[in-house]
Structures are given as C-alpha cells and as structure tokens.
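Below: the structure, in structure tokens.
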Amino acid sequence: MKKIATILSAAAMSGMLLSTPAFSDDRELIEMPADVQVKFLSQMRGLVEALDEMLAALEEGNFDHVSRIADFQLGFKHGKWQKMLASGMSEDEVHAKINEMREKLATEKTDYSKKSKQSPGRYMPQNARTLGREMHLSASKISLIAQNAGETPGLDKYKEVLAGMQGITSSCVACHTSYKIR
Ligand code: HEC
C-alpha cells in the first residue's frame, strides 16, 4: 500500500495525474461559421434518430423500412432525398431513383469547393470526409442486405444488418474521437 501511495504522489508531483487521457482533449478543431455549426449539429442529432428508428424497424422485422431509413437518412446525398420527399415525391419513387444510382453514388467524387458555404462538408478535412463516406457506404450496404432479405429473413440476415450498423457506429466513433467543431 505504502509503495502505491508513494508512486501516486510521485506521479502527481510530476504532473502525470493532471494529464490523464480521460481529461485531455486532443481532437482536431474543424472551424466553420456559427450558423453552419448549428446546422451541422442538427444533422448529427438526426443521425442518432436514424439509428434509433433503424433499430426499431429491425426489431419489428420490417426490413423494407430498414432499407429506407438507411438510404433516406444515413446514405449518400441523404439531404437531397429528404428534400424530394418533402416536395411530395413518393418514397417508392425516391427509393427507385437511389437504387438506380447506387453504384454511381458510392464511387463519384464530390467537388467540395463547389459546395455552398452553408454546407458543413465544405469545411471538413479530407480524413473526416472519408469517415463520412464510410458511414454512407455502410448505410448503402445495409439497404441492399435489407432489400434482398426475402419474405421471412433468418438470423443470418439480422446479423448482416447488425454488422452493417456497427460499421456505421464505428464511423461515428472514429470521427468523434478525432474532431470537434468548438
Ligand atoms: C465526419 C465526422 C463525423 C461523423 C461520421 C459523425 N459525426 Fe457526430 N459529430 C461530429 C463532430 C465534429 C461533432 C461535434 C463535436 C464537438 O465539437 O464536441 C459531432 C457531434 C455529434 C452529436 C452532438 C450533437 C449536438 O447537438 O451537440 C451527436 C448526437 C452526433 N455527433 C451523433 C453522430 C452519430 C450517431 C453518428 C453516426 C451515425 C455521427 N455523429 C457521425 C463529427 C462526426
């Protein structure tokens, strides 16, 4: 006991205990205008909601809904699909469009310098954009698994969707570990 106390006090004196990893914050700062921050954080809260809805749909065994949530709320260009839905296009129409474009969406390069100044993506470093892409890619995989799961999906299909969801959450975690906006 005495020995541990000695080691601890020596560590405290040398400042080690004051800089334990739990309290340090070495995340890289991504700077963006205040109004874009508000938009970005709101989009982030939308992602948690999407995961929550996806788990609920999965628990109900509603794979069709799982695939729609993946594409409309977590997939590539999800903001664009939301706008189409809000403008009155049916879910079926929008989903058919995404399925047609799926490969292109996963491979096309985005020119971020052409993005609007309101777009958080414009301010992201390359590595953060890559993590965002990985997240969209996992969502796209989930959508395909769910669409091809058949009438009565077995345990293997549930496991495949869950693996895809973990692919998504690992992107969330990787980005949150590396970056902050304020
Ligand atoms: C490209 C990087 C990136 C990805 C991918 C990402 N986030 Fe974030 N998220 C951030 C950053 C940066 C912040 C701001 C953190 C800070 O400044 O402390 C944030 C903040 C948040 C917040 C806080 C919102 C608020 O109102 O304060 C939530 C919730 C969140 N993210 C959820 C998620 C979820 C869920 C996922 C995955 C589905 C995800 N994020 C994926 C970068 C990312």
Could you list all residues from the stretch 69-88 that are more than 16 Å from the ligand (Cβ to nearest atom) and either within 12 Å of GLN147 (Cα to Cα) or open to solvent by 60 Å² or more (accessible area, probe 1.4 Å) (or both)?
LYS80, LYS83, ALA86, SER87, GLY88
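Condition check ((1) in contact (Cβ under 8 Å) with a residue 40 or more places away in the chain; (2) over 27 Å from ASN127 (Cα atoms); (3) in a helix (DSSP H, G or I)) across all residues:
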| residue | (1), (2), (3) |
| --- | --- |
| LEU58 | yes, yes, yes |
| GLY61 | yes, yes, no |
| HIS65 | no, yes, yes |
| ILE69 | no, no, yes |
| PHE72 | no, no, yes |
| GLY88 | no, yes, no |
| LEU105 | no, no, yes |
Have a look at GLY79, GLY46 and point out the one that is under 19 Å from SER138 (Cα atoms), modelled with pLDDT under 95 and assigned to a helix (DSSP H, G or I).
GLY79
Scan the stretch 123-139 and tell me whether some residue there is within 14 Å of the ligand (Cβ to nearest atom), among the basic types (Lys, Arg) and open to solvent by 50 Å² or more (accessible area, probe 1.4 Å).
yes
Given the conditions (1) assigned to a helix (DSSP H, G or I); (2) more than 16 Å from the ligand (Cβ to nearest atom), which single one is not true for ALA149?
(1)
Residues that are away from the ligand (no atom under 16 Å from the Cβ) and either in a helix (DSSP H, G or I) or in contact with a strand residue (DSSP E or B) (Cβ under 8 Å, 6 or more places away or on another chain) (or both): does the stretch 110-121 have at least one?
yes
Residues satisfying the stated conditions in the stretch 168-178, i.e. open to solvent by 20 Å² or more (accessible area, probe 1.4 Å) and not polar (S, T, N, Q)
CYS172, VAL173, ALA174, CYS175, HIS176
Among (1) open to solvent by 70 Å² or more (accessible area, probe 1.4 Å); (2) more than 15 Å from the ligand (Cβ to nearest atom) - the single one ALA106 does not satisfy:
(1)
Would you confirm, using the coordinates I've provided, whether LYS157 is open to solvent by 80 Å² or more (accessible area, probe 1.4 Å) and either among the basic types (Lys, Arg) or assigned to a strand (DSSP E or B) (or both)?
no
Of the conditions (1) open to solvent by less than 70 Å² (accessible area, probe 1.4 Å); (2) more than 9 Å from the ligand (Cβ to nearest atom); (3) within 30 Å of ASP25 (Cβ to Cβ), GLY164 fails just one. Which one is it?
(3)
So which residues in the stretch 140-150 are touching a residue at least 12 places away in the same chain (Cβ under 8 Å) and either open to solvent by 30 Å² or more (accessible area, probe 1.4 Å) or not hydrophobic (A, V, I, L, M, F, W, C) (or both)?
SER140, LYS141, SER143, LEU144, ILE145, GLN147
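The values are calculated or read from the model by the stated rules, or taken from the named source; none is laboratory data. Model, not experiment: these values are computed from the prediction. In this analysis, Cβ positions are derived from the backbone assuming ideal geometry, glycine residues included, and neighbour counts consider all displayed protein chains. Calculation scope for accessible area: heavy atoms of the full protein, side chains included, ligands and nucleic acids excluded. Shrake-Rupley method; radii C 1.70, N 1.55, O 1.52, S 1.80 Å.
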